[in-house]
Amino acid sequence: MIGDIRNIVILTGAGVSAESGLATFRGPDGLWEGHRVEDVCTSEALARDVELVHRFYDERRAKLIEVTPNAAHEALAALDRAWGGELLIVTQNVDDLHERAGAKRLIHMHGELKSALCAACGKAVAWPGPLPPASVCDGCSRPSLRPDIVFFGEMPYEMERIDAALRDADLFVSIGTSGAVYPAAGFVQTARHVGARTLELNLDPSAGSFYFEESRMGPASKLVPDLVQELLG
Ligand code: NAD
Ligand code: ZN
């Protein structure tokens, strides 16, 4: 699998942070921390119950203080530091564990808990603490700040940059994602189309396992350091 590889794209999902103590999106109950996706991850939910949606992300943001990066985040950061070719880590996660481990070549395609977005002017601002509804944007002075989370139906961030990296990739690795959320779930097909090798690391086979040349099943804290060691020789 490994050899003649220069350009790498890595997609991560909630599974990479599970061993740090952050619940995945679709736990055994199909809920995210006790909530239906429709109630906390859509613009309709935000319009219907702004208090609930802000409180939900306030709780997720507060939880970040209690958790630390695990061996998978550490290994990916080490790969980022050492890898001489192109490398892009695209995470669907809204936690900050990749950057706390030291990853630099990183895109948060679904937004970030520690950021607030102005619904009126589009300005994003670093936001470490609770975000009360109607907080005022320092760009346009309107009370329009919302969590900087890409809801279902909204366009993920940096799609052009991600697409360009996928088209140049020699290796695409998907780690700890259920393969249920598009467009991320389709990255493997783009990578295959351009002839990249494709590898999935996950606890159980995902919805998209079929598309990967190789699937390795197990916890990210074991599989990711092993892969990084293989890549760095
Ligand atoms: P998901 O919950 O749908 O799937 C998680 C996947 O990880 C599953 O396939 C599961 O088998 C696997 N997994 C669980 N534990 C694992 C482990 N220890 N090692 C390896 N794999 C493991 O998550 P997703 O596909 O990332 O869903 C996408 C959405 O969920 C994103 O939009 C994201 O913003 C949101 N989300 C983010 C976080 C976070 O930031 N930490 C947490 C929950 C949900
Ligand atoms: Zn604004």
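The values are calculated or read from the model by the stated rules, or taken from the named source; none is laboratory data. Please read all numbers here as calculations on a predicted model, not as lab measurements. All Cβ positions, even for glycine, are placed from backbone atoms using ideal geometry, and neighbour counts span all protein chains on display. Calculation scope for accessible area: heavy atoms of the full protein, side chains included, ligands and nucleic acids excluded. Shrake-Rupley method; radii C 1.70, N 1.55, O 1.52, S 1.80 Å.
Working only within the range 102-127, note down all residues that are in contact with a strand residue (DSSP E or B) (Cβ under 8 Å, 6 or more places away or on another chain), part of a loop (DSSP other than H, G, I, E, B) and hydrophobic (A, V, I, L, M, F, W, C). Explain how you work it out, then say what you get.
As a first pass, look at the range 102-127 and keep what is in contact with a strand residue (DSSP E or B) (Cβ under 8 Å, 6 or more places away or on another chain): 103, 105-119, 123-127.
Checking the rest, the ones that are also part of a loop (DSSP other than H, G, I, E, B) come to 103, 105, 109-110, 119, 123, 127.
Correct list: A103, M109, A119, W127.
If you filter the range 36-74 down to residues that are over 16 Å from the mean Cα position of the chain (by Cα) and of a type in the set (G, A, S), you find that the one that is surrounded by the fewest Cβ atoms within 10 Å (Cβ to Cβ) is A47. For S221, the conditions (1) in contact with a strand residue (DSSP E or B) (Cβ under 7 Å, 6 or more places away or on another chain); (2) modelled with pLDDT of 95 or more; (3) hydroxyl-bearing (S, T, Y); (4) closer than 17 Å to L11 by Cα all hold with the exception of (1).
Checked against the criterion of being closer than 25 Å to R161 by Cα, among the charged types (D, E, K, R) and modelled with pLDDT of 95 or more, the range 58-74 contains one or more residues that satisfy it. Please tell me if E99 is open to solvent by 50 Å² or more (accessible area, probe 1.4 Å) and within 16 Å of ligand 1 (Cβ to nearest atom). So E99 passes the test. Looking across R146, R161, one residue alone is basic (K, R) and under 23 Å from E59 (Cβ atoms). It is R146. Here V125 meets each of (1) over 26 Å from M217 (Cβ atoms); (2) in contact with a Phe, Trp or Tyr (Cβ under 8 Å, 6 or more places away or on another chain); (3) of a type in the set (V, I, T) with one exception, condition (2).
On the stretch given as the range 81-123, residues that are away from ligand 2 (no atom under 16 Å from the Cβ) and over 16 Å from the mean Cα position of the chain (by Cα) total 6. Out of curiosity, is E33 modelled with pLDDT of 95 or more, surrounded by 14 or more Cβ atoms within 10 Å (Cβ to Cβ) and not polar (S, T, N, Q)? For E33, the condition - modelled with pLDDT of 95 or more, surrounded by 14 or more Cβ atoms within 10 Å (Cβ to Cβ) and not polar (S, T, N, Q) - is not met. For the structure I just gave you, tell me whether E19 is touching a residue at least 40 places away in the same chain (Cβ under 8 Å) and over 21 Å from R216 (Cα atoms). No; evaluated as a whole, the condition is false for this residue.
Going through the range 142-158 one residue at a time, which ones are in a strand (DSSP E or B), within 11 Å of ligand 1 (Cβ to nearest atom) and of a type in the set (A, V, I, L, M)? Listed by number, the list holds a single entry, I149. In the range 120-131 there is no residue matching the filter, namely being hydrophobic (A, V, I, L, M, F, W, C) and closer than 22 Å to T24 by Cα. Could you tell me how many of the residues in the range 104-119 are more than 14 Å from ligand 1 (Cβ to nearest atom) and either in contact with a Pro (Cβ under 9 Å, 6 or more places away or on another chain) or modelled with pLDDT under 95 (or both)? Qualifying residue count for the region: 2.
Across the range 210-230, a minimum of one residue is classified as farther than 24 Å from H73 by Cβ, open to solvent by 10 Å² or more (accessible area, probe 1.4 Å) and of a type in the set (F, W, Y).
I want to confirm something. Restricting to the range 114-167 and keeping residues that are among the β-branched types (V, I, T) and more than 23 Å from I89 (Cβ to Cβ), which single residue is most open to solvent (accessible area, probe 1.4 Å)? In this case the residue turns out to be V136.
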